[in-house]
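Encoded as structure tokens, the structure appears first; notes follow it.
The values are calculated or read from the model by the stated rules, or taken from the named source; none is laboratory data. No experiment lies behind these values; they were computed from the predicted model shown. Positions of Cβ are generated from backbone atoms using ideal geometry, with glycine treated the same way; all protein chains shown enter the neighbour counts. Protein only, heavy atoms only, side chains kept; ligands, DNA and RNA dropped before computing areas. Shrake-Rupley method; radii C 1.70, N 1.55, O 1.52, S 1.80 Å.
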Amino acid sequence: MNLPKIPLDKWINAVVHWLQDNFKPLFAFIMGIVEPTVNFFQTVLTAPPTWVAILALSLIVWLITRLRLGVYTLIGLLLIDSLGYWNQSVETIALVLTATVISIILGLPLGILASRSARAQNIIMPILDLMQTMPAFVYLIPAVFFFSLGAVPGIFASVIFAMPPTIRLTNLGIRQVDSQLIEAADAFGSTPRQKLIKIQLPLAKSTIMAGINQTIMLSLSMVVIASMIGAGGLGSVVLRAITQLKVGIGFEGGLCIVIIAILLDRITQNLASETKKEKTSTASWFGKHWRGAVATILALSLISFPAVSQSASSKPTVTLTYVNWDSEVASSNVLKAALEKAGFHVKLLEVDLGPMFAGVASGSADGTTAAWLPVQHEAYVKKYKDQIKDLGPNLEGTALGLVVPSYVKANSVADLRRDAKEYDNEIIGIEAGSDMMVQTDKLIKDYKLPMKLVESSSAAMAASLEKAYKEKKPVVVVGWKPHWMFAKMKLKFLDDPKHEFGQEEKIHTIVNKDLKSKNPKAYKIMDQFYWSPKDMEKVMLDISNGASPSKAAKDWIEAHPDKVDKWLK
């Protein structure tokens, strides 16, 4: 007997949309608090020269802990700077600190409440179980609905995922305080507030700090995940390395995260320590010189705010969002370089496909150059048609389908039915859930191919193709043009009489519906942005050969002044 499906997904969707429609002022209020907090931490560390910020941080860590940790901080941060990831590391630290502060502000009172009331504990604990065991990716979905793209939804997801240890260990620490001490306090007439502040919290300090330490570590673990919705920081570096199979860059980004994790872990452990040695050496010394540490922080803040206000006022900002596909990395960075040439400050948000369209629709991003139409992204354009404007194609002459090296015998999709064993009965695909993967699944059924579609990523697909090409082995992949692999290898599309992937696609520029009134100059440039597959493949190939996306884009801009002048006209 098949039980009827409980429409839980529809109920959750209804609740999320109801919250989105009825609590807009609350979400705006939260954004108004969180964004300035993140900006404050970033500003303090990025406005002064990097070496000044590193020295100041090392000094403060030494003052509040001990000399050995201050030296580690100095060496670790200098290594991060030498690797070229200082700004991304600052973004990550700002995200973690903001998420931790919010988690403590919310978690400590809830932990205290749970310690005082068995009923409250029975209600709170199952909720914490749900918060900790639910896959962290799930929190990104409502975060995008409530706060769109950027740091705020990333912090929202981090707080939900990371706050439970603070609540649990605050509750545990207070409950573990010796009952005889509580009875003695009651005998002397202490009020509940006095018992909490003077007995329970001080005695539970080590346990509470352990919970805060775990909250910090869990917040840091959300860095890579939150980068999928534009949170930025080192997560974007690692995510980009994963999707593009850049082992060295991935290791560098991961090493920076490890340095920050060890630093934050040791600081919280030292603050929780109650050894006599620390009390007499470090803590007492800091007690005499705390004004110097505070003055350092305030000085950095005073330096930073004027710098930020000047840079913000001198150049209008344009925010572009894109998916980390080779083609979209190229087009987004080239448009960014063109807009910067026109005097704009351009911010790039690297996100997943759904958040990309949602961000443009909500206005958290001004536009994207990555809409494949009329088939691939038709559903997103229809969904947000009242909130976005289609500026038309920025590139024509694309092709999608199954791609093989030119040396293989197969010329059509039907030929794969005969030669499937030569390809190990596999078609190498890209990201799971993408439209091209859905279409390939249908193609396999319609052509009755005895083959399996292998889920991977765009970079893994290209790497598998390149490896097989060097060894002259048969291979078939889900591919598209323009792509750097066509400039590097001799490839061909298999004929598809049933047109499973549709006819020729065009890549469109999509902008927020209010961009024309808010920023007509940027709107005009984006409307006039247009180039050819050959142009895009040149930039893509340079990036594939090791050039940074920004450098490859600037080199192309400098080599094609006539074309760029038409965009800026």
Check your understanding: Amide H to amide H under 5 Å from L491: which residues, 5+ apart in sequence or cross-chain, H placed 1.01 Å off N in plane?
Key -> S406
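Report in % the part of the accessible area of region 79-159 that belongs to carbon and sulfur, leaving out ligands and nucleic acids; probe 1.4 Å.
71 percent
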Check your understanding: To the nearest 10 Å², what's K470's accessible area with a 1.4 Å probe?
Key -> 150 Å²
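So if each residue of separation counts as 0.36 nm, and I subtract the Cα-Cα distance between S550 and K24, what length gain in nm does that give?
Numbers: separation 526, 0.36 × 526 = 189.36 nm, distance 3.65 nm.
Roughly 185.7 nm would be gained on extension.
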Check your understanding: For I75 and M134 in the same chain, what is the full-extension length gain: residue separation times 0.36 nm, less their Cα-Cα distance, in nm?
Key -> 17.5 nm
Practice item. For K516 paired with N13, estimate the spin-label separation in nm (one decimal), with each label point 7 Å from Cα along the Cα-to-Cβ line. Key: 3.1 nm
**Study point:** Distant-in-sequence amide H partners of A231 (H built 1.01 Å from N, under 5 Å)
**Key:** G150
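Lys and Arg at +1, Asp and Glu at -1: add these up for the other residues within a Cβ distance under 13 Å of S456 and post the number.
On the way: positive: K452, K467; negative: E426, E431, E455.
Charge balance in the 13 Å sphere: -1.
I need the calculated FRET efficiency for the pair I105 and A379, taking r as the beta carbon distance and R₀ as 35 Å, to the nearest 0.05. Intermediate values should be presented prior to the final figure.
Numbers: r = 40 Å, r/R0 = 1.14.
Approximately 0.30, to the nearest 0.05.
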Practice item. Report, in order of residue number, the helices in the chain meeting two criteria: a C-alpha extent of 30 Å or more along the helix axis, and a mean Kyte-Doolittle hydropathy of at least 0.0; treat each whole DSSP H run as one helix. Key: 24-46, 86-116, 247-272, 284-314
**Study point:** Label-point separation, A463 to I6 (7 Å along Cα→Cβ), nm
**Key:** 4.1 nm
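Students sometimes get this wrong: rank F147, F40 by accessible area, probe 1.4 Å, all chains present, largest first. Write down the numbers at each step before the final one.
Details: F147 5, F40 65 Å².
Largest to smallest exposure gives the sequence F40, F147.
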Point to revise | Area accessible to solvent at K336, 1.4 Å probe radius, in Å² | key: 40 Å²
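Calculate, for D178 and K569, the FRET efficiency according to 1/(1 + (r/R0)^6) with r their C-beta to C-beta distance and R0 56 Å; round to the nearest 0.05.
Values: r = 78 Å, r/R0 = 1.40.
That pair, D178 with K569, gives E of 0.10.
Taking the Cα centre of region 422-544 as origin, sum charge times position over the Cβ atoms of Lys and Arg (+1) and Asp and Glu (-1), and report the length of that vector in debye to the nearest 20.
Numbers: 21 positive and 20 negative charges, 94 e Å.
It comes to approximately 460 debye.
Give the ranking of E558, E466, E396, E505 by solvent-accessible surface, highest area first, calculated with a 1.4 Å probe. Walk me through the intermediate numbers first.
Details: E558 140, E466 40, E396 65, E505 0 Å².
Heavy-atom accessible area, descending, gives E558, E396, E466, E505.
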Point to revise | Computed accessible area, W531, all protein chains, 1.4 angstrom probe, square angstrom | key: 0 Å²
Exercise for review: Could you work out the equivalent-ellipsoid semi-axes for region 58-148, taking the square root of 5 times each eigenvalue of the Cα gyration tensor, largest first, in whole Å?
Suggested key: 35, 21, 10
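Suppose accessible area is computed on protein heavy atoms with a 1.4 Å probe; arrange R66, R116 from highest to lowest.
Details: R66 90, R116 135 Å².
In descending accessible area the options line up as R116, R66.
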Check your understanding: Given H placed 1.01 Å from N in the peptide plane, which residues other than close sequence neighbours of V318 have an amide H under 5 Å from its amide H?
Key -> H345, V346, K347
Point to revise | Label point 7 Å beyond Cα of R119 along Cβ direction - residues of region 154-174 with amide nitrogen under 17 Å | key: none
Study note, to complete from the structure: The answer for the chain, accessible area per residue at 1.4 Å probe in Å², is 49 Å²
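Let me have the 222 nm mean residue ellipticity of the chain computed from DSSP H runs of 4+ only, each contributing -39500 (n - 2.57), with the sum over all residues rounded to the nearest 500. Write down the numbers at each step before the final one.
Values: 28 runs with 362 residues, N = 569.
Using -39500 (n - 2.57) per qualifying helix, the result is -20000 deg cm²/dmol.
Take the alpha carbon atoms of the chain, find their radius of gyration, then divide it by 2.2 N^0.38 Å using N residues; give the quotient. Intermediate results must be reported in sequence, preceding the final value.
Details: Rg = 27.4 Å, N = 569, 2.2 N^0.38 = 24.5 Å.
With N residues counted in the chain, Rg over 2.2 N^0.38 Å equals 1.12.
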Review point. Once both labels are modelled 7 Å past Cα along the beta-carbon direction, what's the K473-D415 spacing in nm?
Key: 2.0 nm
